[in-house]
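The values are calculated or read from the model by the stated rules, or taken from the named source; none is laboratory data. Bear in mind that the values here come from a model prediction, so they are computed numbers and not experimental data. So basically every Cβ, Gly included, is an ideal-geometry build from the backbone, and we count neighbours across all protein chains shown. All accessible areas refer to the heavy atoms of the entire protein, side chains included, with ligands and DNA or RNA removed. Shrake-Rupley method; radii C 1.70, N 1.55, O 1.52, S 1.80 Å.
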Amino acid sequence: MSSRLIVVSNRVAAPDPGNRHTAGGLAVAVKAAMRNRTGVWFGWSGKINDDPAEEPLVQRCNKVDYAVIDLSEADFQEYYNGLANRVLWPILHYRGDLQEYSRADQTGYMRVNRLFAEKLSELIRDDDVIWVHDYHLMPLARELRARGHGNPIGFFLHIPCAPPDIVQTLPHHEDIFGALTYYDLVGFQTERDRDNFAHYLTPMGATLGRNPMTISVDGRQTRLGAFPVGIETAAFARLSRFSMHSRCVEDVRESLQGRKLVIGVDRLDYSKGILHRINAFDRFLDEHPEWRSKVVFLQITPRSRSDIKEYIAIEDEVTAMVGKINGRYGEADWTPLRYINRPYSRTVLAGLYRLADVALVTPLRDGMNLVAKEFVAAQDRADPGVLVLSEFAGASAELDRALIVNPHESEAVAAALKQALEMPLEERQRRHDPMMDHLLEYDIDHWAEEFLSALGETRHRSGLLESLRGLFAVSLGG
Ligand code: ADQ
């Protein structure tokens, strides 16, 4: 029998009979990586329950067991809202100044990691391969090792890894970041993130090895690698062609009345640079009156983490700025900026990307940014739109034919927007073609296979390679 892949992440995107749309890059990536594999996806149900069930709730669908547990109100506040999203998220996005640390939250974070280990422990078989995702669960391998699990365990950080000086602003950072050395493999989105982590560890006594990069601490060896997350490029491209003719996309096209469409799609989060982007659009309309009435900027921004104060503040600021721009430049028959807070299905998003002439993807800091990749994948090769991309998105290391901007410089973003809107077809194609080819080759399957094969190489135990071969056979055959 081939081994199973156990994926662990904070939330589990369980099969949803209501087909609701969740916006979030991790879920999109892991869902795609789990497709065609046998295994378990374990995590929090999203429900708060002060009297949770002893056993995880398991639901089987297409060879995957979705196993979820509930969290108590204190767990939710201290682990999820607290240490994960009020401390680790800002620190890892280079915003150590925004962290709101408390010892109670750190205790809660460790407690939930122990709870995850305890509940997961019951499901683990000796030949399982375990893949843990993201900053919520950094100490999980240490907890699993303490419970006697010798399985290969890998970790992937979906968000950036800040340089050591910033990581060290976290009180007791060694407890959390040092715990990553209990994994066999720690993967990052880019080489810069990987190197930041290696530079963090080496002054603390870790020995660094090269080719492949490894670090050794207290007799444990951990491989470090960059594994840029991809998308389901071919499927997304197909979806966009089909979706262009959907009712919703047709309605948007009609509503434009021949105007150019600029699109932005982001969760409402301070790391995404939405306010800077809207300021740049303001500057663009101010400096280029000839473009007024000829362009519409559609910013699709589902709310997230709405009970954290920075998120409420940014929502208020963005709403005020949108009102100001529409008031200043709008006409009775033209609204320059359409700002929407709801999620859309992937089908509609794909069609809207294809309809758009320009995408503004200008985060202040982003692990990868799947929207950039989805936009490129959704374009018509015969008449592609133009991507304006922040140099601080992990995606800029791969999508280097985009117009790369520093999102802090509104003059530069406004100039790039003008260049994009006026770019001749031949140049648009010259930029788009190689990026599309790259995304077709380095897609989500490639990401999962590269990570799992590197995880396999970290161990030479008999039987493990057989197990991993089993995983690939399933994925390639599917
Ligand atoms: P996110 O911060 O969530 O992901 P991103 O990579 O852009 O950011 O992924 C967002 C995903 O949600 C995309 O697939 C997008 O299509 C979808 N989405 C956004 N708005 C939507 C809407 N209104 N309706 C429906 N879907 C919407 C984290 C990291 C990223 C990293 C990913 C994956 O912060 O840097 O790229 O994980 O590793």
Taking only Cα atoms, what is the 0 to 90° angle, nearest 10, from helix 425-441's long axis to the longest principal axis of the chain? 10
Compute the FRET efficiency between Trp334 and Asp437 as 1/(1 + (r/R0)^6), taking r as their Cβ-Cβ distance and R0 = 25 Å, and round to the nearest 0.05. 0.10
Mind grabbing the accessible area of Lys63 for me, 1.4 Å probe, Å², rounded to tens? 100
Extending each Cα 7 Å along its Cβ direction at Asp175 and Arg241, get the distance between those two points in nm, one decimal. 5.5
Between Ala146 and Gln429, what's the calculated FRET efficiency when r is the beta-carbon distance and R0 is 35 Å? Round to 0.05. 0.05
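Pop out the Kirkwood hydrodynamic radius of the chain from its pairwise C-alpha distances, inverse of mean 1/r, in Å to one decimal.
Working: mean 1/r = 0.0429 Å⁻¹.
Evaluated on the chain, it is 23.3 Å.
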Cut-off under 23 Å on the C-alpha distance; same-chain residues fewer than 8 positions from Lys119 excluded. Which lysines are left, in chain and number order? Lys31, Lys47, Lys63
Using a 1.4 angstrom probe and counting only protein chains, how large is the accessible area of Phe242 in Å², to 10? 140
Relative contact order (percent) for the chain, with alpha-carbon contacts under 8 angstrom and 6 or more residues of separation? 16
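Let me check I've understood the local charge: for Lys373, count other residues with C-beta under 11 angstrom from its C-beta, Lys and Arg +1, Asp and Glu -1. What total comes out?
-4
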Can you pull the one-decimal nm distance between simple spin-label points at Asn36 and Arg220, each 7 Å off the Cα toward Cβ? 3.4
Separation between the Arg210 and Glu391 pseudo-spin-labels, each 7 Å from Cα along Cα→Cβ, expressed in nm? 2.6
If you put +1 on each Lys and Arg Cβ and -1 on each Asp and Glu Cβ, how big is the dipole of the chain around its Cα centre, in Debye rounded to 20? 680
Of all the Cα-Cα pairs you can form in the range 218-332, what percent are over 19 Å apart? 64
Pull up the cross-link candidates among the lysines for Lys260, meaning alpha carbon to alpha carbon under 20 Å and not fewer than 8 places away within one chain. Lys294, Lys418
Averaging sequence separations of C-alpha pairs under 8 Å and six or more residues apart, then dividing by the length of the range 46-183, give the relative contact order as a whole percent. 22
Accessible area in square angstrom per residue, the range 233-441, 1.4 angstrom probe: 40
How are the C-alpha pair distances of the range 233-441 spread across 5 Å bins, as whole percents from the shortest bin up? 1, 7, 16, 21, 22, 18, 10, 4, 1, 0
On a 0 to 90° scale, report how tilted helix 444-457 is relative to the longest principal axis of the chain, with both axes built from alpha carbons and the result rounded to the nearest 10. 20
Stretched fully, the stretch from Asp380 through Thr319 gains (0.36 nm per residue minus C-alpha distance, one decimal, in nm) 18.7 nm
For Ser293, which sequence-distant residues (separation of 5 or more, or a different chain) have an amide H within less than 5 Å of its own amide H, given hydrogens modelled in the peptide plane? none
Quick P(r) readout (the range 34-106; Cα-Cα; 10 Å bins; whole %) gives 19, 32, 29, 18, 1
Estimated 222 nm signal from helices in the chain, with DSSP H stretches of n ≥ 4 weighted -39500 (n - 2.57), rounded to 500: -12500 deg cm²/dmol
Residues whose modelled amide H sits under 5 Å from the amide H of Val265, counting only those 5 or more places away in sequence or on another chain, are Ile300
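After finding the eigenvalues of the alpha carbon gyration tensor for the range 103-151, what semi-axes result from the square roots of 5 times each, listed largest first in whole Å? Present the calculation step by step, with values, prior to reporting the outcome.
On the way: eigenvalues 86, 23, 14 Å².
Its equivalent ellipsoid spans semi-axes of 21, 11, 8 Å.
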For the range 299-453, what's the relative contact order in percent, using C-alpha pairs closer than 8 Å and at least 6 residues apart? 18
